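Asks: Mind having a look at this structure? Questions to follow.
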């Protein structure tokens, strides 16, 4: 009930001022009443277009959907150097007396102090992250709602999906600087464990490191181009190939279309990663965010390549879904008059995602004791 009392007091003061200081509204008979303004604002903070196109577009989409409610600002391009500027920008949203919620989307650490400051000065404002990567325990203490992808658990769900798609072997491509990251290392170990539990062969292959001067991305991609056919010749087409790095998928998908192996899910599962370029999808400007149409185009290309049921992913980029969903959660809470403490649960979030976006998701607390930090797995689409 961190903010419940504050909200009640604010609402009570507003009601008293309206009833005590306002005369009854007069209107001419037969004259249409002016449409009521919503009376509140929701701020959303994202990276710039050049830094993270999906997250930026998500902010713009929400402005287009709720032009009288949503205010979109962007973080500095040089985030690490201008961190203090970023914090000041976020805090300044709370200067607007109509601001009722602030959503911060960054995928980086360092922005928690901004949300702590808002909590101190405007505790009635609903704060949401979608995501930021500061200390989770501190975030759960000072932020009302935290949303992120369940990156570690995907080590289980991706392998299970590949198995259900017919894979007998699971090949994991990565490189040293990636494997040094805890989240990627944990996911790989979960993939290995799940493969063994399902009776699948798990194969780990290390590529040239594009982040350590080993010829960059081209060298990594050339290695994949040469190695994938060798592995498919050895293990057969009932093999799933997973890469830990996004640029790998231009090669993985291209080779999958040629060699007919399984690609159950990308490292960042989205219909806009590799599919448009490799499949030469002609996406009109007005259809850039029309994922139903893009997914239909991918399915058609998969069928043309005799790959129906061998390719899968998530139907919507998580980097668009989470920021937009965060705004919808904040708006729903404000409109219903409920506090996060009153409304927040896995069931509530799952139902809202289905209602607003038509997608199925799992939403599970990061830890059993965290009732305001939820990790997301989205239902898959099979092409």
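Asks: I'd like to verify a number: residues in segment 65-75 that are closer than 20 Å to residue 318 by Cβ and either free of Cβ contacts under 8 Å to residues at least 12 places away in the same chain or surrounded by fewer than 22 Cβ atoms within 10 Å (Cβ to Cβ) (or both), how many?
Replies: 3
Asks: Are any residues in segment 246-256 surrounded by fewer than 22 Cβ atoms within 10 Å (Cβ to Cβ) and farther than 26 Å from residue 199 by Cα, and if so, which ones?
Replies: Once the filter is applied, which keeps residues that are surrounded by fewer than 22 Cβ atoms within 10 Å (Cβ to Cβ) and farther than 26 Å from residue 199 by Cα, segment 246-256 yields 246, 247, 250, 254.
Asks: Would you pick out the residues in segment 252-281 that are out of contact with any helix residue (DSSP H, G or I) (no Cβ under 8 Å at 6 or more places or on another chain) and at pLDDT below 95?
Replies: Across segment 252-281, there are no qualifying residues.
Asks: I need a count of the residues in segment 184-208 that are over 15 Å from residue 246 (Cβ atoms) and either at pLDDT below 95 or surrounded by 14 or more Cβ atoms within 10 Å (Cβ to Cβ) (or both).
Replies: Matching residues across segment 184-208 total 15.
Asks: Also, quick follow-up: Looking at (1) farther than 29 Å from residue 132 by Cβ; (2) touching a residue at least 12 places away in the same chain (Cβ under 8 Å); (3) under 21 Å from the mean Cα position of the chain (by Cα), which one does residue 293 not meet, given that it meets all the others?
Replies: Result: residue 293 passes all but (2).
Asks: Moving on. Residue 166 fails exactly one of the following numbered conditions: (1) at negative phi; (2) surrounded by fewer than 19 Cβ atoms within 10 Å (Cβ to Cβ). What is the number of that condition?
Replies: Failed condition: (1).
Asks: Here's a follow-up. So, in segment 276-290, of the ones that are touching a residue at least 24 places away in the same chain (Cβ under 8 Å) and assigned to a helix (DSSP H, G or I), which residue ends up surrounded by the fewest Cβ atoms within 10 Å (Cβ to Cβ)?
Replies: That would be 277.
Asks: Inside segment 100-115, can you point out the residues that are crowded, with 18+ Cβ neighbours inside 10 Å and touching a helix residue (DSSP H, G or I) at 6+ places or on another chain (Cβ under 7 Å)?
Replies: Hits for segment 100-115 are 100, 101, 102, 103, 104, 105, 111, 112, 114, 115.
Asks: Filter segment 93-103 for residues that are free of Cβ contacts under 8 Å to residues at least 60 places away in the same chain and under 15 Å from residue 46 (Cα atoms) and give the result.
Replies: 93
Asks: Identify all residues within segment 155-177 that are under 17 Å from residue 204 (Cα atoms) and under 20 Å from the mean Cα position of the chain (by Cα); write none if there are none.
Replies: 155, 156, 158
Asks: Conditions: (1) part of a strand (DSSP E or B); (2) under 30 Å from residue 243 (Cα atoms). Residue 107 meets all but one. Number of the miss?
Replies: Answer for residue 107: the failing condition is (1).
Asks: Does at least one position in segment 130-138 carry a residue that is modelled with pLDDT of 95 or more and farther than 17 Å from residue 375 by Cα?
Replies: No, segment 130-138 contains no residue that is modelled with pLDDT of 95 or more and farther than 17 Å from residue 375 by Cα.
Asks: Next question. Listed residues 293, 258; which is over 25 Å from residue 206 (Cβ atoms) and in a helix (DSSP H, G or I)?
Replies: 293
The values are calculated or read from the model by the stated rules, or taken from the named source; none is laboratory data. Here the structure is a predicted model, which is why all the values come from computation and not from measurement. Note that we place each Cβ from the backbone using ideal geometry, even for glycine, and neighbour counts take in every protein chain shown.
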